[in-house]
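Engineer: Sharing a structure below in structure tokens format, with a few things to ask.
Read the figures in this text as sums done on the coordinates, not as results from a lab. Bear in mind the structure is a predicted one, so any value in this text is a computation, not a measurement. Quick reminder, even Gly has a Cβ in these numbers, built from the backbone with ideal geometry, and neighbours come from all protein chains shown.
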Amino acid sequence: MIRRYVLSILVKNTSGVLSKVTGLFSRRGYNIRSLSVGETHDPKISRITIELIGDEAILEQIQKQLAKLVDVVKITGLRSKSSVYKELVLVKVKSSAKKRASIIELCDIFRTKIVDICAETMIIEMAGSPEKNDALLKLLDEYGIIELSRTGITALQRGAVSIHED
Amino acid sequence: MECLKEQDVDTVFGFPGGTVIALYNALYDYPEINHILTCHEQHAAHAADGYARATGKPGVVFATSGPGATNLVTGIATAYMDSIPMVAITGNVEKKNLGKDSFQEIDITGVTIPITKHNVIVKEISELADAIREAFYVAQSGRPGPVLVDVPKDITIMEGEYEPEKPREIAHQNAFEKEDIAEAIRAINASEKPFILAGGGVIAAGAEKELHELAKKLNAPVTMTLMGLGAFPAGDEQYTGMIGMHGTKTSAMCASHCDLLITIGARFSERVTSDRAKFAKQANILHIDVDPAEINKNINADYEIMGNAKDVLKALLPGVEKKEDTAWMEQVRHWKRSYPLDRATRNARFPKKVLQAMQDEAPEGTVFTTEVGQHQMWSAQFLRIDQPRQFISSGGLGTMGFGLGAAIGAAVGTGRQVVNIAGDGSFHMNLQEIVTAVKHRLPVMILVLNNNVLGMVRQWQKLFFEQRYSQTTLNNPTDYVKLAEAFGAYGIDISNERDLHAAFKKAFAHKGPVIVKCDIHEDENVLPMVPGGKPLDDIILDLEK
């Protein structure tokens with residue numbers, strides 16, 4: 001069954017490590033839907049969160065192939081039920097004086113922040129699950145989206161567990 | 001250099017250049033390291049690969065930045081596809097010039113990501129020793145493969161503190177549990193028609209004795225992939241011949257009639273399985289491989305054991321019961337009698353004669369290397385390979401031009417007689433390296449099966465492209481004997497079938513490189529053949545009845 005998976009990957013912070021990970025996906029024909037990367041509390045280790053689309057067999061191959069990379073320290077699959085998925089989106093929408101109030105109302109309902117505003121446009125910052133972000137984006141589309149930038153999912157497992165444990 | 005010695009490196013293949021002058025300057029002080037200078041970096045990489053395949057030790061190759069490094073690419077990819085341990089050390093421009101499109105700068109770590117097991121650029125002298133140690137470790141551990149270490153010129157000039165360290169013991173990376181072994185033993189003991197498929201993993205693990213013991217206990221037929229040739233003696237009556245596109249009908253029949261396919265150190269390449277969906281579909285599959293990613297990649301396994309072939313077989317053997325039932329092996333013998341390679345490859349009678357005459361005259365322990373094409377498949381079919389590391393061929397990548405470099409590496413590594421079987425097409429891809437063989441007076445014979453065409457492609461054109469022989473007719477005007485003499489080698493032209501044995505006798509008596517050229521007909525085919533993507537049952541035995 002084709003579905004979405006989220007993988008969290010700890011990697012050594014070496015030059016080229018990101019190419020090695022992403023190159024594997026393109027080379028073997030796996031689809032990345034989003035990707036986010038950043039340092040962990042240990043500056044020698046970075047954490048890559050990859051959202052991908054595929055079936056169980058593809059997921060098994062991806063995890064096994066990733067595990068072969070010398071710079072990959074750990075791979076964990078993050079199930080949606082037991083994890084927090086968040087994605088940051090900045091979206092610039094048309095907001096004439098007439099429409100402004102209704103946009104602000106929408107933002108309030110979705111508990112997002114307005115981080116920039118001028119006579120014709122505003123920038124809205126949303127940090128939520130990709131589904132929630134999609135829902136708001138769909139509504140904002142009616143006002144006219146000028147541009148947007150999404151970070152892709154970043155995620156952590158709920159509870160006391162840690163990817164750094166064995 | 002101290003790191004290389006620490007890793008017990010006795011031989012390096014390579015070619016100097018601007019960014020590795022300091023490296024070669026250091027080499028000057030290490031006469032105990034034998035450096036083989038080739039004419040071209042590609043063949044230095046193939047030589048390091050051939051050295052590794054023949055000796056089991058990692059091959060080492062040096063090249064300069066830019067074109068030197070890119071010339072290694074085909075050689076590294078060849079080693080990668082066949083899981084051969086190799087360490088490539090390349091120079092690069094000084095750190096301050098990296099990323100500036102400097103003279104002879106190339107991002108070789110970027111280029112080689114898909115074809116190395118691991119690669120690294122060393123930007124601090126303090127990291128150099130550990131990078132080289134890790135390269136040797138990674139190249140040899142688990143499933144072997146090539147590793148590239150890129151070193152900017154200024155790092156090669158700097159001097160750093162060096163503290164000797166013993167090489168890390170190579171881990172087998174076994175990931176199997178007692179339960180996996182127990183389950184596999186149950187499956188094996190329950191099987192009435194087991195069939196063993198052995199690949200290069202058996203050779204890499206040095207598991208030929210254990211494989212032999214398993215085969216004898218089970219009284220089961222054994223086939224091998226191209227990479228596995230030598231893992232089980234070709235002379236043994238349980239051997240059914242190679243499997244796959246140009247494998248025997250007996251092996252194909254075994255694959256489609258067995259009830260348990262015991263696959264050891266093989267990865268179900270499409271050249272083996274052809275139509276994956278139909279391959280051995282009636283059988284349970286027991287897949288033993290050191291690389292977990294190979295399990296369920298091409299063929300789904302019913303039983304899986306992730307681990308080094310030798311360790312796994314050692315764990316399995318005590319539980320495997322001796323099979324007394326001979327009915328299955330009787331059936332296999334019947335197939336072998338009904339479908340001998342001879343009959344199937346009626347057309348290849350002459351190449352077979354040539355190869356067998358050559359092997360008759362070859363000294364004990366001769367190593368065979370091949371280029372890629374029809375001659376390669378004939379060699380795989382007709383040479384009697386009884387020892388692991390005796391047959392060296394580019395299986396995965398199928399690199400024309402691989403064989404001569406590999407032969408040089410194998411000769412340097414083993415000191416034994418090496419025969420590189422070539423076609424006239426492949427021969428012209430690497431003939432400059434005859435110079436290297438001559439300079440080192442290596443016992444290398446190049447047997448050119450000269451049919452004046454690119455035979456394998458032509459065969460496909462014949463079968464699938466209405467005999468439109470586009471660009472596969474070579475008719476090179478090369479005079480092989482004169483060419484041999486011009487390079488300082490010895491040349492023999494076999495023009496008469498009756499001269500075969502005498503000619504090879506003479507050729508093997510010569511000290512140093514020999515080129516033996518033998519004309520064969522352009523319409524000799526490699527048969528049997530399973531057309532690409534078709535099930536093994538669609539095997540073509542004869543083209544011209």
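Engineer: On C-alpha positions alone, give me the angle between the axis of helix A:17-27 and the longest principal axis of chain A, in degrees, nearest 10.
Structural biologist: Here the helix axis deviates by roughly 90 degrees.
Engineer: Report the Cα centroid-to-centroid distance between region A:84-144 and region B:52-117 in angstrom, as an integer.
Structural biologist: 50 Å
Engineer: What share of Cα pairs, in percent, lie more than 30 angstrom apart in region B:178-339?
Structural biologist: Distances greater than 30 Å cover 5 percent of the Cα pairs.
Engineer: Output the antiparallel fraction of DSSP beta bridges having both residues in the protein assembly as shown, as a percent to the nearest 5.
Structural biologist: Expressed as a percentage, antiparallel bridges in the protein assembly as shown total about 40.
Engineer: Moving to a separate point now. With a cap of 11 neighbouring Cβ atoms within 10 Å, and only residues DSSP puts in a loop, list the GluC sites (Glu not before Pro) found in region B:334-430.
Structural biologist: Within region B:334-430, the qualifying GluC sites (Glu not before Pro) (loop, at most 11 other Cβ atoms within 10 Å) are B:Glu364.
Engineer: If we count every other residue with Cβ under 15 angstrom of A:Gly23's Cβ, Lys/Arg +1 and Asp/Glu -1, where does the sum land?
Structural biologist: Summing Lys/Arg as +1 and Asp/Glu as -1 gives +3.
Engineer: Across peptide A:55-66, how many C-beta atoms of other chains are within 10 Å of each residue C-beta, on average?
Structural biologist: Taking the mean over all residues of the peptide, I get 2.
Engineer: Okay, moving on. Rule-of-thumb check for chain B: C-alpha Rg over 2.2 N^0.38 Å?
Structural biologist: That ratio works out to 0.98.
Engineer: Compute the acute angle (0 to 90°) between the alpha-carbon long axis of helix A:130-141 and the principal axis of greatest extent of the alpha-carbon atoms of chain A; round to the nearest 10°.
Structural biologist: 30 degrees
Engineer: Sticking with this structure for a sec: Taking each residue in B:294-306, count the Cβ atoms of any other chain within 10 Å of its Cβ, then average. What number comes out?
Structural biologist: 1
Engineer: For B:Asp519, which sequence-distant residues (separation of 5 or more, or a different chain) have an amide H within less than 5 Å of its own amide H, given hydrogens modelled in the peptide plane?
Structural biologist: The list, which skips near neighbours in sequence, is B:Asn450, B:Ile494.
Engineer: Taking each pair of different alpha-carbon atoms in region A:3-77 once, compute 1/r for the pair, average those values, and report the inverse of that mean as the Kirkwood hydrodynamic radius in Å to one decimal.
Structural biologist: Over region A:3-77, the inverse of the mean reciprocal pair distance is 12.3 Å.
Engineer: Then there is this: Once you list every other residue whose beta carbon is under 13 Å from the beta carbon of B:Gln359, what net charge do they have if Lys and Arg are +1 and Asp and Glu are -1?
Structural biologist: For residues surrounding B:Gln359, the net value is 0.
Engineer: Note down the net charge around B:Glu163, summing +1 for each Lys or Arg and -1 for each Asp or Glu among other residues with Cβ under 12 Å from its Cβ.
Structural biologist: Net local charge, B:Glu163 excluded: -3.
Engineer: Tell me the relative contact order for chain A as a rounded percent, counting alpha carbon contacts under 8 Å between residues six or more apart.
Structural biologist: 27 percent
Engineer: Shifting gears a bit: Near the amide H of B:Ile421, under 5 Å away, which other amide H atoms are found, from residues 5 or more places off or on another chain, if H is placed in the peptide plane?
Structural biologist: Excluding prolines and chain starts, which carry no amide H, the hits are B:Thr369, B:Thr370, B:Glu371, B:Leu447.
Engineer: Rounded to the nearest 10 degrees, what's the angle between the helix A:97-109 long axis and the longest principal axis of chain A, both from Cα atoms, 0 to 90?
Structural biologist: 40 degrees
Engineer: Take the alpha-carbon centre of region B:180-225, take the same for region B:361-384, and report the distance between them in whole Å.
Structural biologist: Each part's Cα centre sits 25 Å from the other's.
Engineer: Give the average, rounded to an integer, of partner chain Cβ atoms located within 10 angstrom of each Cβ in A:24-31.
Structural biologist: Across the residues of A:24-31, the mean count of other-chain Cβ atoms within 10 Å is 1.
Engineer: Further question: Which order, highest average first, do B:407-418, B:378-389 follow once you tally other Cβ atoms within 10 Å for each residue and take the mean per peptide?
Structural biologist: B:407-418, B:378-389
Engineer: Still on this model: Beta carbons within 10 angstrom, averaged per residue: use that to sort the peptides B:171-181, B:464-474, highest first.
Structural biologist: B:171-181, B:464-474
Engineer: In addition: Please tell me which of these pairs span more than 20 angstrom C-alpha to C-alpha: B:Lys217/B:Lys281; B:Lys353/B:Lys511; B:Lys217/B:Lys310; B:Lys57/B:Lys439; A:Lys12/B:Lys123?
Structural biologist: Beyond 20 Å: B:Lys217/B:Lys281; B:Lys353/B:Lys511; B:Lys57/B:Lys439.
Engineer: Suppose only helical runs count, i.e. DSSP H with n ≥ 4. What mean residue ellipticity at 222 nm does that imply for chain B under -39500 (n - 2.57) per run, divided by all residues and rounded to the nearest 500 deg cm²/dmol?
Structural biologist: -11000 deg cm²/dmol
Engineer: PRE reach from A:Glu105 (point 7 Å along Cα→Cβ): which of region A:122-166 fall under 17 Å by backbone N?
Structural biologist: The answer is A:136, A:139-144, whose backbone nitrogens lie closer than 17 Å to the label point.
Engineer: If you take the C-alpha gyration tensor of the protein assembly as shown, multiply each eigenvalue by 5 and take the square root, what semi-axes do you get, largest first, in whole Å?
Structural biologist: Over the Cα atoms of the protein assembly as shown, the ellipsoid semi-axes are 50, 33, 25 Å.
Engineer: At 222 nm, what value in deg cm²/dmol follows for chain A if DSSP H runs of at least 4 each add -39500 (n - 2.57) and the sum is divided by all its residues, to the nearest 500?
Structural biologist: -9000 deg cm²/dmol
Engineer: Still on this model: So who's got an amide H within less than 5 Å of the one on B:His35, skipping anything under 5 residues away but keeping other chains? H placed 1.01 Å off N, in plane.
Structural biologist: B:Val12
Engineer: Can you quote the Å³ per residue value for the convex hull of the Cα atoms in chain A, rounded to an integer?
Structural biologist: 145 Å³
Engineer: Using a 10 Å cut-off on Cβ atoms, rank the peptides B:287-299, B:500-512, B:230-242 from the highest mean neighbour count down.
Structural biologist: Descending mean neighbour count gives B:287-299, B:230-242, B:500-512.
Engineer: Pull out the extension gain between B:Lys178 and B:Asn296, defined as 0.36 nm times the separation in residues minus the alpha carbon to alpha carbon distance; nm, one decimal.
Structural biologist: Answer, rounded to one decimal: 40.4 nm.
Engineer: About its Cα centre, what dipole magnitude does region B:411-545 give when the only charges are +1 on Lys and Arg Cβ and -1 on Asp and Glu Cβ, stated in debye to the nearest 20?
Structural biologist: With only Lys, Arg, Asp and Glu charged at Cβ, the dipole is about 660 debye.
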